[in-house]
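The values are calculated or read from the model by the stated rules, or taken from the named source; none is laboratory data. The structure displayed is predicted, hence computed values, not measured ones. Don't worry about glycine lacking a Cβ; one is built from the backbone with ideal geometry, like all the others, and counts go over all protein chains shown.
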Amino acid sequence: MAGSTGARLPLQGGLPPGEALTGAVREIACDESGFSGTNLLDPATPVIVHASVDLSRDEAAALIGTLRSGFRFSPDEVKSRQFLRRREAAEAVEWFLSALRGRAHVHLVDKEFFLATRVVDLLLAEPSYAAGTRLAGDRRPAAAALHRAGRAAGPGWPVFLAAVVEMLRTKRRDRADDRSVARFFAARDALRRHVDDTQAGAVLDALDPARVAAVQARLYAGDRTIPPPLEPLLPALAETVLHWSGGRWRVLVIHDEQSALTEDRL
């Protein structure tokens with residue numbers, strides 16, 4: 001709450017644009033499922049789903065009203081889990097998807113692959129907010145090769161990913177006794193012995209302890225030019241905006257509040 005006015009201030013960055021929007025503008029509403037903070041290796045949520053629609057309020061209300069007309073749903077919210085359990089769900093889903101064709105977009109982020117992009121984009125290249133999106137597509141084949149070869153390598157892969165997360169997590173850590181970089185390279189060496197793919201092997205071989213330690217030091221120092229390394233919601237939002245812009249539209253985003261979407265990052 002703001003002072004005694006009773007007006008609630010946005011906790012993150014959710015302020016409307018200060019100037020009037022002109023030209024071709026598309027307004028989208030977004031939500032996500034599977035966001036687990038920096039716990040990217042939770043087996044219960046292996047992917048993040050970032051969904052968006054460009055429906056007007058009236059169009060959205062009409063769609064939900066039609067759905068409710070044949071089901072007994074809560075008057076406040078339609079839960080997909082509840083909806084899909086109904087015997088009539090298949091017919092309703094077919095109608096719903098048909099009604100949304102061309103008006104909705106779903107972007108999936110595989111969290112293991114996201115971590116593979118972090119290894120390539122943050123530790124081998126200059127970190128940027130384009131990392132993990134099509135704007136840095138030239139590095140995607142290397143990340144894909146690492147992900148593919150890692151999954152085929154056996155138990156060394158999840159150990160390596162856990163070491164990546166530990167090394168890049170900057171909160172709640174005793175930095176005076178931080179050996180996470182050394183543990184990361186021990187996991188890299190163990191994984192490397194089981195990787196035969198030439199491109200993936202080159203990625204692992206190119207990792208340099210001094211460079212990796214320098215990136216970690218920049219993260220510890222709060223370098224704002226480096227995107228938060230364990231926040232896949234940011235490239236997911238960027239990809240969503242790129243989808244709807246089509247190179248022609250300005251995109252106005254309405255999003256539920258998320259700790260990852262701070263004003264600086266937006």
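Some values worked out for this structure:
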{"quantity": "Test set (1) part of a helix (DSSP H, G or I); (2) closer than 22 Å to G37 by Cα - A202 fails condition number", "calculated": "(2)"}
{"quantity": "Qualifying positions in region 113-137 - within 24 Å of V251 (Cβ to Cβ) and part of a helix (DSSP H, G or I)", "calculated": "F114, T117, D121, R134, L135, A136, G137"}
{"quantity": "Filter result (surrounded by 11 or more Cβ atoms within 10 Å (Cβ to Cβ), of a type outside the set (S, T, Y) and over 17 Å from H243 (Cβ atoms)) within region 41-67", "calculated": "L41, D42, P46, V47, E59, A60, A61, A62, L63, I64, L67"}
{"quantity": "Any hit, region 94-112, residues being modelled with pLDDT under 95, surrounded by 13 or more Cβ atoms within 10 Å (Cβ to Cβ) and either small (G, A, S) or assigned to a loop (DSSP other than H, G, I, E, B) (or both)", "calculated": "yes"}
{"quantity": "Residue match in region 207-219 (condition: loosely packed, with under 15 Cβ neighbours inside 10 Å, of a type in the set (K, R), under 14 Å from V119 (Cα atoms) and modelled with pLDDT of 95 or more)", "calculated": "yes"}
{"quantity": "Positions within region 223-251 being surrounded by 15 or more Cβ atoms within 10 Å (Cβ to Cβ) and farther than 29 Å from L124 by Cβ, in sequence order", "calculated": "W244, W249, R250, V251"}
{"quantity": "Residue tally, condition in a helix (DSSP H, G or I), under 16 Å from K171 (Cβ atoms) and of a type in the set (G, A, S), over region 216-266", "calculated": "1"}
